[in-house]
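Novice: Mind having a look at this structure? Questions to follow.
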């Protein structure tokens, strides 16, 4: 299976300038291509008779070489792959838009998600990688050996540069047999396991929200583009990066532990995009990272030989009794204890939901004909 590998690189002063030039050329090519394709779409809507064929990535690159590259000599200071891949990504973004998978692509701004892709002669050694036009880039960790990636993507986040590429990995079969687990996700606690364990999210945005608001408040009257404004923007970006790192660290450690130690993992197929539309809970849902938790479990279960089972989105896990199967008609969120009227089952509602999720794959393991919370 293909697995993405991403690591931070040690950038020297002259390399930092060269990386910024590559990112600038890629951004310019993207914005030029986006402006051109939007004009073509507008023309086709206004004049259906004089309809112009929507260009492919190859067509866009040919027009770029003929119309733009010849007039802007700074295009020749970077690798030709940077604008070429930018136009490929633009065409892919339009394809996703036409298939109603994503929204239309937008123009890029300088300093916002700067990135570019290079291909060609790429060499990977112990703690350094050689890429075209830039040369050797040292990394902070040891790189996978015996690989030759066809392309690499270099991106900038806050004040740091990262390099990423895909590697081929053979899935391992280390997950133990007959060790399933059900997981109920929530806001009060990030996850409640069918074993009775309760895991709380670090909620990094909630912890650092006041500090972030203070930095943004101090930046409110600075002149846009001034040195003080740039320094303040960098501080804000660093804090956002710290928040994302705390969240990613928690989710990575949890998903790796679950995928390695359990043969089957059952979770709810939550509609996170729909949940975020609730303005009262949107901040807490986004801070938890439910979609990222599901995404990481998806590939890590394949990597470690376990299986991920997604319960139906409308499965009433919280309303069912894990002992007798009785379903409550109403169960408000304020009621945190599930007490069954048909049997003596009394337990935390999240724990009961995790047992119901486990019962989808192992009914004999999930049923616990006793009363009381897990010890």
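The values are calculated or read from the model by the stated rules, or taken from the named source; none is laboratory data. The shown structure was predicted, so the numbers you read here are calculated from the model rather than taken from an experiment. All Cβ positions, glycine included, derive from the backbone under ideal geometry; neighbour counts span all protein chains shown.
Novice: Within the range 119-126, identify whether any single residue is outside any helix (DSSP H, G or I), modelled with pLDDT of 95 or more and in the same structural domain as residue 13 (by TED's automatic domain parsing), and answer yes or no.
Specialist: No - not one qualifying residue is present in the range 119-126.
Novice: Which condition number in (1) closer than 28 Å to residue 5 by Cβ; (2) in a helix (DSSP H, G or I) is the one that residue 63 fails?
Specialist: Residue 63 satisfies every listed condition except (1).
Novice: Quick test for you: out of 235, 242, 260, pick the one residue that is touching a residue at least 40 places away in the same chain (Cβ under 8 Å) and surrounded by 14 or more Cβ atoms within 10 Å (Cβ to Cβ).
Specialist: Sole residue among the options that is touching a residue at least 40 places away in the same chain (Cβ under 8 Å) and surrounded by 14 or more Cβ atoms within 10 Å (Cβ to Cβ): 260.
Novice: Here's a follow-up. Need pairs with beta-carbon distance below 8 Å; first residue outside the structural domain of residue 111 (by TED's automatic domain parsing) and within the range 216-231, second part of a loop (DSSP other than H, G, I, E, B); sequence gap 6+ or separate chains.
Specialist: Close Cβ pairs (under 8 Å, with a partner that is part of a loop (DSSP other than H, G, I, E, B)) amount to 228/222; 229/219; 229/222; 229/223.
Novice: Quick one: would you say residue 191 is surrounded by 14 or more Cβ atoms within 10 Å (Cβ to Cβ), within 22 Å of residue 109 (Cα to Cα) and within 26 Å of the chain's Cα centre (by Cα)?
Specialist: Here the answer is no, as residue 191 does not meet what is asked.
Novice: Would you be able to say whether some residue in the range 96-106 is modelled with pLDDT of 95 or more and closer than 24 Å to residue 3 by Cβ?
Specialist: Yes; the residues of the range 96-106 include at least one that is modelled with pLDDT of 95 or more and closer than 24 Å to residue 3 by Cβ.
Novice: Please work out which residue is farthest from the chain's Cα centre (by Cα), limiting yourself to the range 302-335 and to residues that are loosely packed, with under 12 Cβ neighbours inside 10 Å and modelled with pLDDT of 85 or more.
Specialist: Checking each candidate, the answer is 314.
Novice: Of everything in the range 1-53 that's under 26 Å from the mean Cα position of the chain (by Cα) and assigned to a loop (DSSP other than H, G, I, E, B), which residue is nearest to residue 165 (Cα to Cα)?
Specialist: Result: 1.
Novice: Considering only the range 143-167, state which residues are free of Cβ contacts under 8 Å to residues at least 60 places away in the same chain and either surrounded by 13 or more Cβ atoms within 10 Å (Cβ to Cβ) or out of contact with any strand residue (DSSP E or B) (no Cβ under 9 Å at 6 or more places or on another chain) (or both).
Specialist: Residues satisfying the conditions are 147, 149, 152, 153, 155.
Novice: If you don't mind, there's one more thing I want to ask. Which number in (1) touching a residue at least 12 places away in the same chain (Cβ under 8 Å); (2) surrounded by 14 or more Cβ atoms within 10 Å (Cβ to Cβ) marks the one condition that residue 178 misses?
Specialist: (2)
Novice: While we're looking at this one, here's another question. Could you pull out the residue among 211, 177, 157, 231 that is over 30 Å from residue 89 (Cβ atoms) and touching a helix residue (DSSP H, G or I) at 6+ places or on another chain (Cβ under 8 Å)?
Specialist: Every option except 211 fails the conditions.
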